[in-house]
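Asker: Take this structure first; my questions come after.
The values are calculated or read from the model by the stated rules, or taken from the named source; none is laboratory data. All figures in this text were calculated on a predicted structure; none of them were measured in a lab. Using ideal geometry, Cβ is built from the backbone for each residue, glycine included, and neighbour counts are taken over all protein chains shown.
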Amino acid sequence: MVRFIRYKERILLHLGCMDIDYAIRKDEPPINEISTQAETALYEQWESSNRLSVMFIKTKISAGIRGSVEQYNNVKALLKAVDEQFETSDKARASTLITKFSSMKLTSVRGVHEHIMKMRDLAAQLKTLEVEMSETFLVHSILNSLPPQYDPFKISYNSHKDKWSIDELMTMYVQEEVMKQQEDQEEQD
């Protein structure tokens, strides 16, 4: 959906800059044989805007979507159809991200900071797709994805009364990492 929002913003900006976005902003004016010259001119302005907008949008749509929207000759209906196509693809993307998030495991002792950042990024991507998770859930998910070498770290979290935020988790992790490095250094000496 984020890609579509950016796409739609660019399309609307281009149409506005070209001054052909009238049909997007206004409904089709009624016209008949007794319409005044002003009403006829207004309809012609709308019709020209609609036709040019539809042509412009159709040239900017990806080939995978173009076939399902070729039949539209009204710009508002066309934008709605494209919107629905992107909504479907965003559902699939959300499912993919959820699967990736839930299956993430860190297998080594190194790279925990990067691992936390990747999981945080996935959570942010899911949020843009309207799949939100609480910060507490995210912290628990990250802790559960760490290897057994971090069991003391997990126990430390579980023994605290307060829940950690992601920032606190990162701070605690940095402290844990410094302590591990000091222990490794002492063992080497």
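Every residue, every condition in (1) over 30 Å from Y7 (Cα atoms); (2) surrounded by 15 or more Cβ atoms within 10 Å (Cβ to Cβ); (3) more than 20 Å from the chain's Cα centre (by Cα), yes or no:
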position	(1), (2), (3)
A94	no, yes, no
K100	no, no, no
L106	yes, yes, yes
D121	no, no, no
Q125	no, yes, no
I155	yes, no, yes
E176	yes, yes, yes
M179	yes, no, yes
Q185	yes, no, yes
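Asker: Filter the range 12-32 for residues that are assigned to a helix (DSSP H, G or I) and touching a residue at least 40 places away in the same chain (Cβ under 8 Å) and give the result. Break it down stepwise before answering.
Answerer: Narrowing the range 12-32 to residues assigned to a helix (DSSP H, G or I): 12-17, 22-25.
The answer is H14, L15, A23, I24.
Asker: Still on this structure: Of these, S35, S68, S48, which one is free of Cβ contacts under 8 Å to residues at least 24 places away in the same chain, over 30 Å from S95 (Cα atoms) and not hydrophobic (A, V, I, L, M, F, W, C)? Before the answer, list the steps.
Answerer: On the way: S68 fails: over 30 Å from S95 (Cα atoms); S48 fails: free of Cβ contacts under 8 Å to residues at least 24 places away in the same chain.
The match here is S35.
Asker: Follow-up. Does V131 meet the test of being crowded, with 16+ Cβ neighbours inside 10 Å, part of a loop (DSSP other than H, G, I, E, B) and at negative phi? Spell out how you get there, then give the answer.
Answerer: Details: crowded, with 16+ Cβ neighbours inside 10 Å: yes; part of a loop (DSSP other than H, G, I, E, B): yes; at negative phi: yes.
In short, yes.
Asker: What are the residue pairs meeting all of these: first residue in the range 105-118, first residue on the phi < 0 side of the Ramachandran plot, second residue part of a loop (DSSP other than H, G, I, E, B) and of a type in the set (G, A, S), Cβ atoms under 6 Å, and 6 or more apart or on different chains?
Answerer: Pairs that qualify, where the first residue is on the phi < 0 side of the Ramachandran plot and the partner is part of a loop (DSSP other than H, G, I, E, B) and of a type in the set (G, A, S), are K105/S145; L106/S145.
Asker: On to the next question. Kindly check whether there is at least one residue in the range 84-97 that is more than 30 Å from K8 (Cβ to Cβ), outside the structural domain of Q71 (by TED's automatic domain parsing) and in contact (Cβ under 8 Å) with a residue 12 or more places away in the chain. Even if it seems obvious, please write down each step before you answer.
Answerer: Pass one, the range 84-97, residues more than 30 Å from K8 (Cβ to Cβ): none.
No, the conditions are met nowhere in the range 84-97.
Asker: In this structure, does V139 turn out to be among the aliphatic types (A, V, I, L, M) and more than 26 Å from A94 (Cβ to Cβ)? Quick ask: steps written out before the conclusion?
Answerer: Working: among the aliphatic types (A, V, I, L, M): yes; more than 26 Å from A94 (Cβ to Cβ): no.
No: the conditions fail for V139.
Asker: Further, regarding this structure: Can you tell me which condition L146 does not meet? The list is (1) outside any helix (DSSP H, G or I); (2) exposed (fewer than 13 other Cβ atoms within 10 Å of the Cβ), and all the others hold.
Answerer: Evaluating L146 over (1) outside any helix (DSSP H, G or I); (2) exposed (fewer than 13 other Cβ atoms within 10 Å of the Cβ) leaves (2) as the failure.
Yes/no per residue for (1) of a type in the set (S, T, N, Q); (2) in contact with a helix residue (DSSP H, G or I) (Cβ under 6 Å, 6 or more places away or on another chain):
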site	(1), (2)
F101	no, yes
T128	yes, yes
S134	yes, no
L138	no, yes
L146	no, no
Q149	yes, no
F153	no, yes
N158	yes, no
E177	no, no
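Asker: K161: surrounded by 13 or more Cβ atoms within 10 Å (Cβ to Cβ), among the charged types (D, E, K, R) and either free of Cβ contacts under 8 Å to residues at least 40 places away in the same chain or in a helix (DSSP H, G or I) (or both), yes or no?
Answerer: Working: surrounded by 13 or more Cβ atoms within 10 Å (Cβ to Cβ): no; among the charged types (D, E, K, R): yes; either free of Cβ contacts under 8 Å to residues at least 40 places away in the same chain or in a helix (DSSP H, G or I) (or both): yes.
In short, no.
Asker: Next question, about the same structure. Would you check if there is a residue in the range 67-75 being over 19 Å from V174 (Cβ atoms), part of a helix (DSSP H, G or I), modelled with pLDDT of 85 or more and within 20 Å of the chain's Cα centre (by Cα)? Step through it out loud before you land on a result.
Answerer: Our first condition is that a residue be over 19 Å from V174 (Cβ atoms); within the range 67-75, this holds for 67-75.
Checking the rest, the ones that are also part of a helix (DSSP H, G or I) come to 67-69, 75.
Within this subset, residues satisfying the condition of being modelled with pLDDT of 85 or more are 75.
Keeping just the survivors that are within 20 Å of the chain's Cα centre (by Cα) gives none.
No, the range 67-75 contains no residue that is over 19 Å from V174 (Cβ atoms), part of a helix (DSSP H, G or I), modelled with pLDDT of 85 or more and within 20 Å of the chain's Cα centre (by Cα).
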